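Here is the structure we will look at, set down as structure tokens.
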Amino acid sequence: MESEPTGRHRARQRPDYPLNAWYAVAQDVELKRELLARKVCGTFVVMYRRGDGQPVALEDSCWHRMLPLSKGRLLGDEVVCGYHGLRYDTSGRCTHMPSQSTVNPTACVRSFPMVERHRYLWMWPGDPALAEPSRIPDLHQNRDPHWAGDGKRIFARCNYKLVLDNLMDLTHETFVHGSSIGQDAVAERPFVTRHGRGVVQVERWMLDVEPPPFWAKQLGKPGRVDRWQIIRFQAPSTISIDVGVAPAGSGAPEGDRSQGVNGMVINTITPESERTSHYFWAFVRNYRCDEQTITHELCEGVAQIFREDELILEAQQRALDEYPERTFYDLNVDAGGVWARKQIDAMIDEERTPAKLVVVQ
Amino acid sequence: MESEPTGRHRARQRPDYPLNAWYAVAQDVELKRELLARKVCGTFVVMYRRGDGQPVALEDSCWHRMLPLSKGRLLGDEVVCGYHGLRYDTSGRCTHMPSQSTVNPTACVRSFPMVERHRYLWMWPGDPALAEPSRIPDLHQNRDPHWAGDGKRIFARCNYKLVLDNLMDLTHETFVHGSSIGQDAVAERPFVTRHGRGVVQVERWMLDVEPPPFWAKQLGKPGRVDRWQIIRFQAPSTISIDVGVAPAGSGAPEGDRSQGVNGMVINTITPESERTSHYFWAFVRNYRCDEQTITHELCEGVAQIFREDELILEAQQRALDEYPERTFYDLNVDAGGVWARKQIDAMIDEERTPAKLVVVQ
Amino acid sequence: MESEPTGRHRARQRPDYPLNAWYAVAQDVELKRELLARKVCGTFVVMYRRGDGQPVALEDSCWHRMLPLSKGRLLGDEVVCGYHGLRYDTSGRCTHMPSQSTVNPTACVRSFPMVERHRYLWMWPGDPALAEPSRIPDLHQNRDPHWAGDGKRIFARCNYKLVLDNLMDLTHETFVHGSSIGQDAVAERPFVTRHGRGVVQVERWMLDVEPPPFWAKQLGKPGRVDRWQIIRFQAPSTISIDVGVAPAGSGAPEGDRSQGVNGMVINTITPESERTSHYFWAFVRNYRCDEQTITHELCEGVAQIFREDELILEAQQRALDEYPERTFYDLNVDAGGVWARKQIDAMIDEERTPAKLVVVQ
């Protein structure tokens, strides 16, 4: 299916993220045998690894007097509150209270399903009964021997959908990233949008163009190139982008791209609140995989590009805050982002609809 | 007309400024061939000069995704958005969109009438059809070969009416500016208040008094003086004050003041929000006009005096914020300020009243 | 009466402090012949000493234009406003207005009853007719020749009841103050709670225990000890704690404690707002009273311990702000704090009930 939705829509709805979804909450290297506090989808969460390395996520608020448990400490696999010493096991059940021999059986904090995959920790803030690990977004290139690279976490002071909009339409590269990856072709060449249940894809081919500085350096060969951007959205908030260039004539959609260079920009964004997000990204490549210097250079280079986006995104959020009655208007290039928002809205609607009664006769 | 209004009134109303009025938004030297962002009457505005020097003011928010246009750049006389490259002409009409050959004809941002006069840029935030340049306040002494001087812009963290109150009653000089221009006579000598449509005048003559340090230095002659303060308010927010001293006996209202020194304190205040203001002021004089050192000394001296006012005004605004239910009470000396507020209220009322139907038979 | 109340209660109510009560607003050494501004129970207050040393407290907001009077100056025993020179006597009556010979007889600011006692200034923010000095909490040890010590004022960024909870249950010493006064016995030994009209007492005896570092140093003798904590709450917000250790066998409730060391932790907490408090404390002892070095060491040592509490209390307040719908749950150890909150609620209820009509026949 192709589509060019048009028209206007409200810039903000509340709450505007689904809870029944896997969200990246930490890079694998961030989570250790110690307490890590992070706010996820409006809820304070304390995370840690058990002795056997398995990840645990609990509500970061003691049942008794609401002190964040992250201000306490680990005792084996249990968390001890830093105020009065209440203890909680990995399921959130209170196992010890001071000065009393029996424990109130209702004393507990929420625990959240956690899975480690693709170099991220994924948490499910909604109904635990629905937390199927098969629904974790596919970002396998982030942990694949044929791909190499690294990434970072950005604390973005904006609604997560502003980051998605930014990634679903790359025409902004021409204006925001003019010194690295931007070029007129990105803003002017046609693109194709496809969408299915929970996925949206935007594809843009720029054949026979001058490579921008970033890609000229990666390719390391003179001359014009065929350049591509294949953006793949997985609801509610994961986007991977197949990017690259090949010598002109060798990079067409059906061509042999082996003469070129190919990267995958991995992005998954987790709402912290309505106005703030945890933005996890990585850049991996399938060429010169064993050269650590390239990994470092690419990671730092992309980090610099993303800082240009951050300034834009934060300015947009401030504008939304200042003009609550204003709305966004869409251009043709927004087709991908508009379909992504529709997919998110469908998830939110589904969550709010009471489960259907199935009558068995 | 003379008047001594009394009684109590609400310290705050909302919105408490007229929109159909000219407001100073920049000093002439501030506006160049580049984008300048400023908030005026609650609206974000981007300003610049065209190639021919004429001033332009547009709403600082792209029609598409609300990024402030001030984060973009000028291309000839057009503004290019820094996110996706939409272009706007000086009337606010969008002339270019990326990746599409036609431009949505409804795509535009507001443009505001702008006029340069008296060394200020004046913007009309209300109905453009009513923006008569003849309604710009008369501050001609700020650009007149018989007067010399300079001024500054203050970002005042208070409602603009608090600045007006401060200027309409100068008894505070005795208590706030005791080391420079204050003296008991300012608080104790009688004054006369007059008012007409859109103007209020407060006149105080202090005959045969010791000059305070500031004026003693300006006059440069020993002995007692006649001192005057003639405060002229032009609605909604411009106040010029004719100030000076002359040797005692030569400065009476009907006297020959040529033996004295005479200055004009120019003030025009623009609401930024309900709680913040752009305060433009200048001090010009009609003596020793070619001595640049005096211009510099006077400008810095007045700037120091106004910093004393700023501390008072900000403390007052904090008090209003903390005690929203409290009201101001008036003294006799508040007559001028009370009439100024009445003139402002009349403008606001007029703006809200639907235009009268004129039936022609 | 003994009691172990259980169950859940709302963490916050509004307004949640009585006004008809004496609150400490300054240490005696803080109040001088100059203006001191402080917010007390949501009201801005300006305080000073008259020429004869008597304390005065007035509303810190000029009747005229709401400038804080604390920005003005003293003239004899009167306050002169720093904006237009209005003067107020110690009863809050305006005695002078600029430029007019008569003073509006309704012009005044509130004045508050003030009494100096136990090294504190006590202010009554409620109905002055009820301000009986006999209702000032008994903290006589703070100014008694048999006791010596000193204290400080903490600006605590939390509701005052969180400080009371903290003091009414000392099991937290084990977890918050492990390096100084905490030990497992505090969390595990039984305690007894008693309460009467306006008072609550929690008593815990820890016989034959190892002394924690703080007390071992104070006692200066080797060996095990009997340790006690007798917490006495006086509504609405004063808590004194009789603390000490004696050689094991000599410190039982009915024993002779003269071989031990005995201190009194004095605490009185004044709401500044719903979210902030002035916390006055002192530590006094009845041994080695003339050694100024010990006074200094104890005061600094306790100050360090209380900083550990501050971090907890501020984290709790942030949690209350973030989770307004959440409630506190109680453990057995909260009996004292729960009774203290009940006493406060009773005072607030009494204040809101219209006075009974007494019909005399």
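The values are calculated or read from the model by the stated rules, or taken from the named source; none is laboratory data. Predicted, not measured: the structure shown is a model, and the values here were computed from it. Here the Cβ is made from the backbone with ideal geometry for all residues, glycine too, and neighbour counts use every protein chain on show. Protein only, heavy atoms only, side chains kept; ligands, DNA and RNA dropped before computing areas. Shrake-Rupley method; radii C 1.70, N 1.55, O 1.52, S 1.80 Å.
Yes or no: C:Pro105 part of a loop (DSSP other than H, G, I, E, B), open to solvent by less than 10 Å² (accessible area, probe 1.4 Å) and away from chain A (no Cβ under 14 Å)?
no
Out of all the residues in the stretch B:62-93, which are closer than 19 Å to B:Pro128 by Cα and either charged (D, E, K, R) or within 11 Å of chain A (Cβ to nearest Cβ) (or both)?
B:Asp89, B:Arg93
Please specify each residue of the stretch C:262-282 satisfying the condition of being open to solvent by less than 10 Å² (accessible area, probe 1.4 Å) and either closer than 23 Å to C:Asp150 by Cβ or aromatic (Phe, Trp, Tyr) (or both).
C:Gly263, C:Ile266, C:Asn267, C:Thr268, C:Ile269, C:Thr270, C:Ser277, C:His278, C:Phe280, C:Trp281, C:Ala282
Quick check on the stretch B:193-208: of everything there that is of a type in the set (A, V, I, L, M, F, W, C) and at pLDDT 95 or above, which residue is farthest from B:Tyr160 (Cα to Cα)?
B:Val202
Search the stretch B:204-232 for residues being of a type outside the set (A, V, I, L, M, F, W, C) and open to solvent by less than 40 Å² (accessible area, probe 1.4 Å), and hand back the single one that is farthest from B:Gly337 (Cα to Cα).
My answer is B:Gln218.
Looking for whichever is in contact with a Cys (Cβ under 9 Å, 6 or more places away or on another chain), more than 14 Å from chain C (Cβ to nearest Cβ) and either closer than 30 Å to C:Ala107 by Cβ or among the polar types (S, T, N, Q) (or both) here; the options are B:Thr293, B:Thr270, B:Thr353. Which one fits?
Going through B:Thr293, B:Thr270, B:Thr353 in turn, just one is in contact with a Cys (Cβ under 9 Å, 6 or more places away or on another chain), more than 14 Å from chain C (Cβ to nearest Cβ) and either closer than 30 Å to C:Ala107 by Cβ or among the polar types (S, T, N, Q) (or both): B:Thr270.
Before we move on, is A:Leu320 out of contact with any helix residue (DSSP H, G or I) (no Cβ under 7 Å at 6 or more places or on another chain), over 24 Å from A:Val199 (Cα atoms) and either open to solvent by 60 Å² or more (accessible area, probe 1.4 Å) or more than 14 Å from chain B (Cβ to nearest Cβ) (or both)?
Spelling it out, it is not the case that A:Leu320 is out of contact with any helix residue (DSSP H, G or I) (no Cβ under 7 Å at 6 or more places or on another chain), over 24 Å from A:Val199 (Cα atoms) and either open to solvent by 60 Å² or more (accessible area, probe 1.4 Å) or more than 14 Å from chain B (Cβ to nearest Cβ) (or both).
What's the number of the only condition in (1) of a type in the set (Ser, Thr, Tyr); (2) modelled with pLDDT under 95; (3) surrounded by fewer than 18 Cβ atoms within 10 Å (Cβ to Cβ) that B:Ser134 fails to meet?
(2)
In the stretch B:12-59, which residues are open to solvent by 10 Å² or more (accessible area, probe 1.4 Å), among the acidic types (Asp, Glu) and in a loop (DSSP other than H, G, I, E, B)?
Those that are open to solvent by 10 Å² or more (accessible area, probe 1.4 Å), among the acidic types (Asp, Glu) and in a loop (DSSP other than H, G, I, E, B): B:Glu34, B:Asp52.
Any residue at all in the stretch C:300-316 that is more than 25 Å from C:Glu210 (Cα to Cα), out of contact with any His (no Cβ under 9 Å at 6 or more places or on another chain), open to solvent by less than 20 Å² (accessible area, probe 1.4 Å) and among the polar types (S, T, N, Q)?
Yes, the stretch C:300-316 contains a residue that is more than 25 Å from C:Glu210 (Cα to Cα), out of contact with any His (no Cβ under 9 Å at 6 or more places or on another chain), open to solvent by less than 20 Å² (accessible area, probe 1.4 Å) and among the polar types (S, T, N, Q).
Restricting attention to the stretch A:170-227, and to residues there that are away from chain B (no Cβ under 14 Å) and acidic (Asp, Glu), which single residue is nearest to A:Gly260 (Cα to Cα)?
Here the answer is A:Asp226.
Quick one: which of B:Ala185, B:Ala156 is touching a strand residue (DSSP E or B) at 6+ places or on another chain (Cβ under 9 Å), open to solvent by less than 20 Å² (accessible area, probe 1.4 Å) and under 18 Å from C:Met97 (Cα atoms)?
Answer to the selection: B:Ala185.
Filter the stretch C:328-350 down to residues that are open to solvent by 50 Å² or more (accessible area, probe 1.4 Å) and within 14 Å of another protein chain (Cβ to nearest Cβ) and give me whichever is modelled with the lowest pLDDT.
C:Asn332
Table: residues versus (1) within 14 Å of the chain's Cα centre (by Cα); (2) open to solvent by 60 Å² or more (accessible area, probe 1.4 Å).
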residue: B:Trp147; (1), (2): no, no
residue: B:Lys152; (1), (2): yes, yes
residue: B:Leu162; (1), (2): yes, no
residue: B:Thr174; (1), (2): no, no
